[in-house]
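Comments concern the structure below.
The values are calculated or read from the model by the stated rules, or taken from the named source; none is laboratory data. From a predicted model like this one, the values you see are computed outputs, not experimental measurements. When we count neighbours, we look across all protein chains shown, and the Cβ atoms used for this are built from the backbone with ideal geometry, even at glycine. When the accessible area is computed, the model is the full protein with side chains, heavy atoms only, and any ligands, DNA or RNA have been set aside. Shrake-Rupley method; radii C 1.70, N 1.55, O 1.52, S 1.80 Å.
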Amino acid sequence: ENTTSNRSWTLAVEATDVVQFQYSTDGGLGTLATVSGATTLSSGVWYHIAVDRDSNDDIRVYLDGVQDGNSNFSGSFFNAATELGIGARTNVTGTGLPMTGNIDSVRVTKGVARYATPISFVPPSRPFPWR
């Protein structure tokens with residue numbers, strides 16, 4: 001939910017066709033920070049996209065297992081009371097912004113930087129197991 005007082009974090013492909021991870025410390029847009037990937041995505045291509053943050057506060061964006069952008073942030077993300085949206089979001093005026101594309105699997109893990117070492121990895125070749 002992208003309201004002016006409830007923004008925590010967003011992972012999206014923006015109008016420039018790059019992956020962007022945006023986060024806020026107080027829920028407002030004034031403290032919004034962005035970690036952008038460098039690679040321009042192509043239409044009709046499947047990508048594995050991941051973001052992690054390690055104990056050194058390094059935030060990394062990965063595209064197909066290769067680090068594509070990074071930043072460092074030592075504060076806390078805003079703990080939004082709104083529900084997590086997958087496949088769409090709303091902007092500050094409440095207008096819906098649906099995703100154009102497909103999502104295969106989504107995993108959110110708190111407390112583990114899954115891809116911190118090394119800075120590249122082999123993305124899974126099949127969906128994660130259900131159990």
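Which one is modelled with the lowest pLDDT among residues in segment 1-17 that are open to solvent by 60 Å² or more (accessible area, probe 1.4 Å) and over 13 Å from the mean Cα position of the chain (by Cα)? Lay out the reasoning, then the answer.
Narrowing segment 1-17 to residues open to solvent by 60 Å² or more (accessible area, probe 1.4 Å): 1, 4-5, 9, 11, 13, 15-17.
From what's left, over 13 Å from the mean Cα position of the chain (by Cα): 1, 4-5, 15-17.
Values: Glu1: 44, Thr4: 53, Ser5: 61, Ala15: 78, Thr16: 86, Asp17: 89.
Here the answer is Glu1.
Applying a threshold of 6 Å to beta carbon distances and a minimum spacing of six or more residues, or different chains, the list of pairs starting in segment 46-74 at a residue that is in a loop (DSSP other than H, G, I, E, B) and ending at one that is exposed (fewer than 14 other Cβ atoms within 10 Å of the Cβ) and hydrophobic (A, V, I, L, M, F, W, C) reads Gly65/Val122.
Just so you know, in segment 18-40 the residues that are open to solvent by 70 Å² or more (accessible area, probe 1.4 Å) and of a type outside the set (S, T, N, Q) include one that is modelled with the highest pLDDT, and it is Ala38. Evaluate segment 49-61: report whether one residue or more is under 18 Å from Val112 (Cβ atoms), open to solvent by 80 Å² or more (accessible area, probe 1.4 Å) and over 15 Å from the mean Cα position of the chain (by Cα). Yes, there is a match, as at least one residue in segment 49-61 is under 18 Å from Val112 (Cβ atoms), open to solvent by 80 Å² or more (accessible area, probe 1.4 Å) and over 15 Å from the mean Cα position of the chain (by Cα).
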